[in-house]
Structure formats: structure tokens, C-alpha cells
Amino acid sequence: MKLIYCIHSVYNPGGMERVLLNKVSFLVEKLGWEILIVTTDQHNRPPFYPFPSQVRMVDLGINYSEDNKLGTIAKVRGYLRRRKMHKKALTELLMREKADIVISLYPSESSFLCDIRDGSKKVLELHFCKFFRLQYGRKGLMGLIDRYRTWLDERIVRRFDRFVVLTEEDKGYWGNLPNLEVIPNAALFIAPRLSTQTEKRVIAVGRLDYQKGFDRLIQAWRLVQQNPGCQDWRLDIFGQGEWQEMLEAMIHEYGLTHSAHINTPSKRIGEEYAASSLLVMSSHYEGFPMVMIEAMACGLPVVAFDFKCGPKDIILEGQNGIIVPEGDIPQLAQAITQLIEQESLRKAMSKEAREVTNRYSEERIMQQWIDLFTSLVSR
């Protein structure tokens, strides 16, 4: 079986990149399948994660991200020009490679991939929720574009042989599509040991941008630190991104430099989970948060906003974590404080959190992918 995965890039330490690593490693090492990863914006940077040597990688050099700092009109023009380049380059590659299945990890090539008649089956894999474009609440022309593209998404996904979402919650938003399937991410144990729940440390992991909402987490941490029983705890955020300077300024402004820190991404994040006692997710939206299930596999209970999508599928309220109303910063702080102060509750939730490796085992999840791919090829 020959698969081609299309993704923006693999130089970031993101959840989607880690999921891709896990899947292709399983497929090449256990099944011997041929895998090619095609990127558009790699910029000659090495992959953050160590992909197997059997996995080939090709970058098309489209570089959509170079237009990110332009004004709206220039950005739209740049996107249309690069999209034309992208379609031409990807068509030439697919006609040459002749894969059995081509998988888009969304969204760059999703609008034209099904027009490429290379003989492969086409799969669209969505790592965000349906409404991810609207979570920014942008106004003016960009807001109109966000709404239009969300409307257009509903037409695009119908064209694929299979459209895969990560949660039952997101499936409900798309309606009764005949090609729709739910396959969550697998929960892998990536730590050298489990959390002992003795470290007075809260951890958060993700890109330092709007999506992850770490500004909301820092505001909540300010409230947590007003409680005397929490003042010997610290918050460690691991990530990189365009919001780093702003977040560090917030930490300084709120007088939290003694208890809140922003750290560079770690290639041994499992060790950081094991050296923590609680994970907090302050995201505005997700698809199926890898950080959440990886941390839970290491024994961390989770406090999370009720964002779209993921928490309702993964967290068993009051058993392995706490979900608070979306955007309610005082309640987020209250839930963090509760688990800091109640060690027995935290330890009970830690034990339950580890069960995520059974609910989302690699063998079970990968068998769903294997069944999907083989059924498409056998048609």
C-alpha cells in the first residue's frame, strides 16, 4: 500500500505533526507500507519529530505563510496565486507517484485535490472542529471570508472518498454525510514514568497563539495565586509562537514571574508530564487534543474549557478531569485551585486518567485506519 500525506509543514512541535508521526511510524514499521509526506511550507527546516528513515519527504516550496503579514487584499491575492502554483506542483507529483491513497490534513489542497485524476482514492482528515475559522471572531472582509470558507467547507468535504473527523461532537455538526467517519487520535504512553502527583506543578503545552488561549490561562493563574494554599505551586507553559512576547509581558505585569514560566518546546514532553500533577487546557478550539490524551496517559487529571471539540469526548466529568464553561476564567481558576488543594481527589482522578490508554489504544485506532484504507483500495 502506498500513501501520500499532504500537510503544511512538519517543523513545528504540534499535535497534528505528532499524530502524523505516530501513524506513519506504525504503518511503515509494522506493515511495511510506503509513505510519502508532501509539505508546502517546510522552508528547508528539519522535522521537529524523528520520522522513520523509510518515510520520504518532499516540499513543494509554495510557502503560503510568507503572506501572513500582508494586508487583507494582498493576502487574498497571494493565496490565489500560491494556490495555483500548489495545484500544478501537486498534480505533477501525484501523476508521477501513483499512490493508492492521498490524504489531505487540511486545508490548503482540500479545495482542488479531488480534481486531480491520478487514480488514487482521496481522504480528508480534519484536525480541527467544523467552526475553527469562526472562533477568531474577525470582522470586516476577513470575517466575511471566514464565513464563506466555512460554508464552502461543507461542499468540499462531500467530494472526498472518506471524510474523517476526530470526535463524535464534531460529527454531529457536519450532519448526515455518507462519507463521514470518526477516528480519534491514539493515546500513547510517552513518559519514562507516571506522575506521582507530588510535584507542585501545573503544565500547559501548545503553540503560543490565539488558538491555545494561554492569555486566559495566565489570567486564571493570577486568581489561583491569590489563594495562600496555591502559592507554592508553579505553572509551566511549553511552546513557541507569535504570542510569546505578549504572554511574557502579562506574566510580568501580573507579578507572576516567580510562579509562571514559558519554556521552549521539549522533544521529551513525556518527562515534563511525569514531573507535573495537573494539565490545564485553555484553548478556544481543538480537533482532538493530543496534549490532553498524552498527559492523561501519564496520569495527569485535566482542567479544560468546554471548547469545540474534544473535552466532552475525552473527559469524564469529575472522574478524570473537570470541564468549565467556555471562556469562564474565574471558574477555570476555581477548578485549578480545587485540584491543587484536594490531593486525594487529584490522585483519584490521576488513576482514572490513565485509563485513556485503553479507550484510545494505538492498536484499536490504527486498526480503524487500516480498515478504512483497505476498504477504499479494494473497491
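Which value, in nm² and rounded to one decimal, describes the direction-averaged projected area of the C-alpha convex hull of segment 201-359?
For the Cα atoms of segment 201-359, the hull's average projected area reads 8.1 nm².
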Practice item. Report the full-extension gain for the segment GLU245 to ARG158: residue separation times 0.36 nm, less the Cα-Cα distance, to one decimal in nm. Key: 27.2 nm
Check your understanding: Taking the chain as a whole, which cysteines find no other cysteine Cβ under 4.7 angstrom from their Cβ?
Key -> CYS6, CYS114, CYS230, CYS298
Study note, to complete from the structure: Taking Cα pairs closer than 8 Å and at least 6 residues apart, the relative contact order of the chain in percent is 15
Review point. Are there GluC sites (Glu not before Pro) in segment 144-242 that DSSP puts in a loop and that have at most 15 other Cβ atoms within 10 Å, and which ones?
Key: GLU199, GLU242
Review point. Ordered by residue, what ³J(HN,Hα) values in Hz, to whole numbers, does segment 212-227 give under the Karplus form 6.51 cos²θ - 1.76 cosθ + 1.60, where θ = phi - 60° and Gly and Pro are x?
Key: 7, x, 5, 5, 5, 5, 5, 4, 5, 5, 4, 6, 4, 6, 6, 8
Exercise for review: Quick one: angle between helix 15-30 and the longest Cα principal axis of the chain, in degrees between 0 and 90, rounded to 10, please.
Suggested key: 60
Review point. Under a 5 Å amide H to amide H cut-off, with H placed in plane at 1.01 Å, what residues pair with GLY61 once short-range neighbours are removed?
Key: GLN42
Check your understanding: Can you give the three extents of the C-alpha atoms in segment 212-252 along their principal axes, from longest to shortest, in whole Å?
Key -> 33, 17, 15
Practice item. Could you tell me which of rounded, prolate or oblate describes segment 285-354, using a ≥ b ≥ c as the square roots of the eigenvalues of the alpha-carbon gyration tensor, with rounded for a/c under 1.5 and, failing that, prolate when a/b is larger than b/c and oblate otherwise? Key: oblate
Practice item. Tell me which residues come under 5 Å, amide H to amide H, from SER120 once H is placed; ignore anything under 5 positions away on its chain. Key: none
Review point. Which residues' amide hydrogens lie under 5 Å from the amide hydrogen of ARG234, considering only partners 5 or more residues apart or on another chain, with H built in the peptide plane?
Key: ARG201, VAL202
Exercise for review: Only residues of segment 47-77 count here: report those whose backbone N is under 15 Å from the spot 7 Å along Cα→Cβ of ILE145, or say none.
Suggested key: 64-77
Practice item. Write down the Å³ per residue value for the convex hull defined by the alpha carbon atoms of segment 54-168. Key: 129
Revision key, fill the gap. Expressed to two decimals, the chain has a Cα Rg over Rh, using the Kirkwood radius, of 0.97
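The numbers here are math on the coordinates, done by the rules we state, and not lab data. Keep in mind that this is a model prediction, so the values were computed, not measured. All Cβ positions, even for glycine, are placed from backbone atoms using ideal geometry, and neighbour counts span all protein chains on display.
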